[in-house]
Amino acid sequence: MRASIFRSPVALAGLAAVVVVAVLAAYWFQPWKLFTDTYVDEALPPAGVMTPAATTPMSTPQSPTASATAPAVNEILAAGEFVTHEHETTGSAEIVRLANGRHQLVVKDLKTSNGPDLRVWLTDQPVTRGTAGWRVFDDGEWVELAKLKGNKGNQVYELPASVDPRDFRSVSIWCKRFAVSFGAADLTST
């Protein structure tokens, strides 16, 4: 009797539909990422360190003396600690102005869940703890810096030259697929 059920065209169509739904659900939710981690350990720019060019006095034919300008150093402009939103998230974030004038977002000791389609966003929204803060970051101005390199470790993201870090007050680990923040940090001026 059971063998005849699988010979039925309706049963075969139903089984095919279940398989298609299961494959699509697996692609969409990527549940295996809950059990895997991607570690990143990038070199972090040291704050307050003089660059080699800044330690050499500058002179010109018109002025043989050293330059009176202050030496160029890397400087932390804003910093904050991550809070948990959709998934437990810890670590810290800093906006660093490099001695050459470029800006970077430095993420230190990040620990969060791996997930589908995670991005690093700078936003103009304040960080709100709890479920009220999960979905606010796409409400205002935001800029996507890159896909999250890894859900654990230290990582550095370049800010485009067109981005003024003063226009943003937080960073979010944003799941683009589900429009939800895994965790976020308020960036407070230092």
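The values are calculated or read from the model by the stated rules, or taken from the named source; none is laboratory data. In this text, all values refer to a predicted model and were calculated from it rather than measured experimentally. Cβ sites come from the backbone with ideal geometry, for glycine too, and all protein chains shown count toward neighbours. Ligands, DNA and RNA are excluded from the accessible area calculation, which covers all protein heavy atoms including side chains. Shrake-Rupley method; radii C 1.70, N 1.55, O 1.52, S 1.80 Å.
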Worksheet item: Given 0.36 nm per residue, what is the gain on full extension from Asp37 to Arg135 after removing their alpha carbon distance, in nm?
Response: 32.9 nm
Item to complete: Order the peptides 75-81, 151-157 from the highest to the lowest mean number of other Cβ atoms within 10 Å of their residues.
Response: 151-157, 75-81
Worksheet, complete the sentence: Non-local residues with an amide H under 5 Å from the amide H of Leu148, with H modelled 1.01 Å from N and Pro and chain starts lacking one, are Leu118, Arg119, Val120
Discussion item. Applying a 10 Å radius around every beta-carbon, put 122-133, 104-115 in order of their mean neighbour count, most first.
Written reply: 104-115, 122-133
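Hey, with R₀ at 35 Å, roughly what FRET efficiency would Asp164 and Ala17 work out to, going by the Cβ-Cβ distance, to 0.05?
0.10
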Worksheet item: For segment 176-182, what does the Karplus curve 6.51 cos²θ - 1.76 cosθ + 1.60, with θ = phi - 60°, yield as ³J(HN,Hα) per residue in whole Hz, taken in order and with x for Gly and Pro?
Response: 5, 4, 10, 6, 8, 8, 6
Worksheet item: When only DSSP loop residues count, what GluC sites (Glu not before Pro) in segment 112-167 have their Cβ near at most 15 other Cβ atoms within 10 Å?
Response: Glu141
Item to complete: Enumerate the amide H contacts of Ser170 below 5 Å, restricted to partners 5 or more residues apart or on another chain; note that Pro and chain-start residues carry no placed amide H.
Response: Thr123, Gln125, Leu187
Item to complete: Run the quick spin-label model on Lys108 and Lys176: label points 7 Å from Cα toward the beta carbon, then report their separation in nm to one decimal.
Response: 2.9 nm
Discussion item. Using protein chains only and a probe of 1.4 angstrom, how many square angstrom of Phe178 are accessible, to the nearest 10?
Written reply: 70 Å²
